1. What are the ³J(HN,Hα) couplings of the stretch A:83-94, residue after residue, when phi is run through the Karplus curve with 6.51, -1.76, 1.60 and θ = phi - 60°? Round to Hz, x for glycine and proline.
2. Per-residue Cβ counts within 10 Å, from other chains only, averaged over B:378-390: what number is that?
3. For the protein assembly as shown, count all C-alpha to C-alpha pairs, find those more than 51 Å apart, and express that count as a whole percent of the total.
4. Please work out the C-alpha center-to-center distance from the stretch B:190-207 to the stretch B:720-760 and express it in whole Å.
5. Quick one: 3J(HN,Hα) in Hz for the stretch B:360-371, Karplus 6.51/-1.76/1.60 with θ = phi - 60°, rounded, Gly and Pro as x.
6. For A:Val140, B:Val130, A:Val54, what ranking results if the residue with the fewest other Cβ atoms within 10 Å of its Cβ goes first?
7. Please state, rounded to one decimal and in Å, the Kirkwood hydrodynamic radius that the stretch B:659-778 gives when every pair of distinct Cα atoms enters the mean of 1/r.
8. Lysines near B:Lys726 by alpha-carbon distance under 23 Å, same-chain residues fewer than 8 away left out - which ones?
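Each value in this text was obtained by applying a stated rule to the coordinates, not by laboratory testing. Source: prediction; values computed, not measured. Here the Cβ positions follow ideal geometry from the backbone for every residue, glycine too, while neighbour counts run over all protein chains shown.
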Amino acid sequence: MYRFTSISAILLASFTLILTSCDKDDPIIPNEEELITTVNYTLTPTPDNGSGVVVLSFIDLDGDGGNDPVIVGGTLQANSQYTGSLELLNEAESPAENITEEIQEEDEDHQFFFESTVEGLQVSYSDMDDDGKPVGLSTVLTTGAPASGVLTIILKHEPMKSAAGVADGDVTNAQGETDIQVNIPVDVQ
Amino acid sequence: MYSKVLQWGLILLIPFFCQLLTAQDCDIIVQGRVVDEASQLPLSYVNVYLQETGDGAATDDDGQFSFSGVCSGHYHMIFSHIGCEDYKIHIDLEKDTVININLGHTETSLGTVVIQGQKNNVGTQPNLSVNRKKIEDSNNQNLSGLIENEAGVHLIKNGSGISKPVVQGMYGNRLTILNNGVAQSGQQWGNDHSPEIDPFAADNITIIKGASAIEYNGGNLGSVILVEPKRISREPHLHGQVNYSYETNGRGNNINARLEKYSSKLAWRLNGTLRKYGDRSTADYFLNNTGLQEANLALQLEKSWNENLFIDFYASTFNNKLGVLRGAHVSSPDEIQQAFSQSIPFFTEPNFSYGVDAPRQHVTHQLVKLKAKYYKSPKAIIELVLAGQLNDREEFDIRRSGRSDIPALSLKQYTFNTELTFTKYFDSEWKFKTGNQNIITDNTNNPDTGILPLIPDYISWESGWFATLSKKIKSTQIKSGLRFDYENQKALTISNTIPKEIVRYNNQFFNVSGLLAIEVDITDKQSVSINTGLSMRNPEVNELYSNGLHQGVSGIEEGDINLKSELAHKNTLEYKWLPSPSFSVSALGYHQRFKDYIYLSPQDEIRPTIRGSFPVFKYEQTDANIYGFDFATQFTINDAFVGLLKYSYLKGDDVKNDVPLVFMPPISFYGSLVYATHGPIKISSLVKLDNLEFEVNSKYVFQQTHLLAEQDFAPTPDAYSLLGFKVSTNILYTSLKLRLFLKADNVLNVRYRDYLNRQRYFADDVGASYTIGVNIKF
């Protein structure tokens, strides 16, 4: 029994030593280069009717948790046409990283979809990848009669671009992963 | 406590005539008697086979057998019996010899554990075990698959390749798995993490369900799974075995080889396993990207320094790479809904492939263990175990810009274990055991993932002390125990403020556990045991500090830094009845009451993120009740048919909020009937078939109805039943012995989904599968 307690004491002492001597170093905070914090949808009236450029945006600088995102809606002119251009940024990095370029490089593997609850509002593609399928970084947005609602912008990674309806902007059969899905309020006056 | 059967102490070699015989004599008589170990009743129809001569015999009604005209020399004798594991001994024949064998008949092989071996050494806990024969005959299975059909055991799966055991509703952090006596480290927190153990390196898998799991560390709440190799047989020759099997579903190949040799200087055993599977298929379609590749190696060394000191060294490496169904990878709740309404999962392709692409897991686990057992006296034993483990887990996701080759999760976990125990047998059948266990865990995330870690870096120190005291008074055995645990956790979390900061936490927990168990032999053939135990488990790092989007479950998971230890009170009542070697019954009821049960609770919040809006889950505490009933019976008819029935019932409730507990196993039922032929069947003058067995088995799993609709994304799957067949035989060709089996699982190619398989939201479970396996021992 004496031997037992002495071995036990030695073990315990060596463990305490190990533990107190190895406090863990600070972890390296991962560089979240894949993170998308910001979606800017810039709408320029074409032809220019003097109503000015509208920027719809969704900004969530601290990622999935933390503070709620900042959503900036906009007011559009009724019965008008806008040239739409999407910009994706990672503003958690400094300087901000432009994710739009990543999407452009892998445009066969990406497609944006636009859904809206605003009556008469329609978005059509004006760009395409090497296979002739739409991407959605450049679009044309048309408005109808005055109404208000929500515009949903979805970015799918590895969608089935040749599935039924997908090239026309219908997300139903697209599959793939959702990289972005944001709702932005829109008012058509 | 396992397989006392296989120990040499049970064999009596009694010389009959003391006259000297020359080496050339060929008139030796070898005879003996085989009895059932538990009941001590004679066993008839045991096949006895003298390997070197190829002679076979069967025992008569009194368990007697005999060989005459045997030449002197070295022999191996194999005993096989329906429902038993083959038992092999080595004998040096010089003169007429009598051999008496105790065969572990009903108990070790079929899970209905009756009173075990020498009772003094055994706790009063109900347990179940899987033996080597079953491991060899199921070499297409992983560890969890081997114990799947035991009463009270269920599996949580994530597709076909990932599964973790659930014992009486306890899993993950609440269930300890001891591999070779060492608490398996790794990422117990994840439901999509399998135990990183090669079952082929083991000879016995024992499931302890009673409250006496108190001697084992690792925060278990009443159940422990022991995975153990047996001691190397004291055989002077090189022995080994090769197992190979091919499974049609997944086109899987499994090969395992084992070599061992005993010498008084050093005994060694080497065990290696290779597995490769491609896409599995359901009744209707391929489950793309569900392949698996695995390579394992284990070395076991044993040395008796002298009569009092026994040293045992074990080193193993486990390496696997496995794919996760591509169509089960979702990134928004809408996609789950959409996937569930699909009859065939997204990304299903018509072609089979062995390829393993993202999403995939790559896991390696290394273990080194040194154990010393010192007999201070025959009645005072000191054991010391030192062990180190390294668990390296990488999970790859589908990512942009070629980042699919960069793991989305990459953890390295070092664990150091020490254990020191002291056992003392006193006069008048008192036994005392005490010990100390320490575990240091050091977990580090790889920052190159480019993703904030779900589990923070941490270092923890666990230290536990226990003492148990047992006493046998006539037909009653009493065991009591106490355990104290201390845990210190130092976690380094990354905040989600801007800029990100490192926040250090330092927690200390003290836990107390206690148990009282009584086993009474009502008659020779019946016993009742009562266990009552109180145990505490402190919150683990994942429960305290998880923070972020868990893609696999499409939800945001948040830990709670204010969680405290949970307290469980478990009672079990077991009744065992063994009227004869051909019939046994075991029934076990249990009730476990939790105070501050830690669980992942769905919140009334949908949080908007740039990837869509996700439901929020938070670790919370409540009071819970888990109770159930396990039943098993085995019967032999005419020494030819062996029937087996197992039934498990379990129910879990959150008593504070008056709702069912989620993720509790549904009621299940398993039955099998084996027909075995008697004695060797002669095919030709050189070839004989021995132990030819035909088996039909069936499993029925009920629908989980004890759940509210709002507690799940989708309705719980319907009840299902699976049918299986198996034919196995030993083929004796001169002195070579070969074992062959053919197995058919889910023969009717049933389309089904299992409640505990997380892939059920997306795809059916695997369809029909046929396996052919061969085993050669030498």
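1. 8, x, 9, 9, 9, 10, 10, 10, 8, 6, 8, 9
2. 1
3. Counting pairs separated by more than 51 Å, the tail of P(r) holds 26 percent.
4. When both Cα centres are located, 20 Å separates them.
5. Values per residue, Gly and Pro as x: 8, 10, 10, 10, 10, 9, 10, 9, 10, 9, 10, 10 Hz.
6. Placing the least packed residue first, the sequence is A:Val140, A:Val54, B:Val130.
7. For the stretch B:659-778, the Kirkwood estimate is 17.2 Å.
8. By straight Cα distance, B:Lys726 reaches B:Lys133, B:Lys134, B:Lys276, B:Lys646, B:Lys682, B:Lys688, B:Lys699, B:Lys737, B:Lys743, B:Lys777.
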